[in-house]
Amino acid sequence: MVTMSEQRPWDLEREILDLIADKWAMLIVNCLGRGTMRFTQLEAEVAGISHKMLAQTLRGLERNGIVERYAHATVPPRVDYTLTPPGRELLEVAIQICSWTRRNREDIERARIAFELARS
């Protein structure tokens with residue numbers, strides 16, 4: 001395993017971008033922007049995500065300090081997830097990207113139509 005000190009800076013940046021550019025990660029961050037949630041709540045909120053993909057994505061977000069996981073010693077076990085300070089900062093960026101999408105949706109649609117017409 002390569003340590004962070006052995007990685008080239010752009011390798012780590014690419015790895016982080018791969019994580020946060022993932023559609024599931026953004027949807028999870030967006031959900032957690034509303035507050036702490038249990039695994040089952042996230043599973044219900046993130047339409048179309050499988051149990052396995054949710055667990056895998058949460059693990060990656062936790063590993064990279066975007067999400068914190070709190071396991072409660074109860075029966076049945078209870079696990080809560082919440083955004084860390086960097087996670088809340090990422091949420092702000094995600095909100096800006098969504099706003100940009102809404103503002104530019106019509107222009108993008110027109111560009112797609114023009115592109116397809118020019119190619120046919």
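The values are calculated or read from the model by the stated rules, or taken from the named source; none is laboratory data. What you see is a predicted model, and the numbers here were worked out from it, not measured in a lab. Positions of Cβ are generated from backbone atoms using ideal geometry, with glycine treated the same way; all protein chains shown enter the neighbour counts.
Go through segment 82-100 and count every residue that is closer than 14 Å to Thr36 by Cα and loosely packed, with under 12 Cβ neighbours inside 10 Å.
1
Out of Gly33, Gly60, Gly48, Gly65, I need the residue that is touching a helix residue (DSSP H, G or I) at 6+ places or on another chain (Cβ under 8 Å) and at positive phi. Which one?
After ruling out the rest, the residue left standing is Gly65.
Among the residues of segment 44-81, write down those that are among the charged types (D, E, K, R) and either surrounded by 15 or more Cβ atoms within 10 Å (Cβ to Cβ) or at pLDDT 95 or above (or both).
Those that are among the charged types (D, E, K, R) and either surrounded by 15 or more Cβ atoms within 10 Å (Cβ to Cβ) or at pLDDT 95 or above (or both): Glu45, Lys52, Arg59, Glu62, Glu68, Arg69, Asp80.
Kindly establish whether Ala118 is closer than 26 Å to Asp18 by Cα and either modelled with pLDDT of 95 or more or out of contact with any Lys or Arg (no Cβ under 6 Å at 6 or more places or on another chain) (or both).
no
Out of everything in segment 52-108 that is out of contact with any Lys or Arg (no Cβ under 7 Å at 6 or more places or on another chain) and among the aromatic types (Phe, Trp, Tyr), what residue ends up being nearest to Asp18 (Cα to Cα)?
Among them, the one singled out is Trp100.
If I go through segment 8-61 residue by residue, how many of them are without any contact (Cβ under 8 Å) to a residue 12 or more places away in the chain and either of a type in the set (Lys, Arg) or in contact with an Asp or Glu (Cβ under 8 Å, 6 or more places away or on another chain) (or both)?
Number of matching residues: 7.
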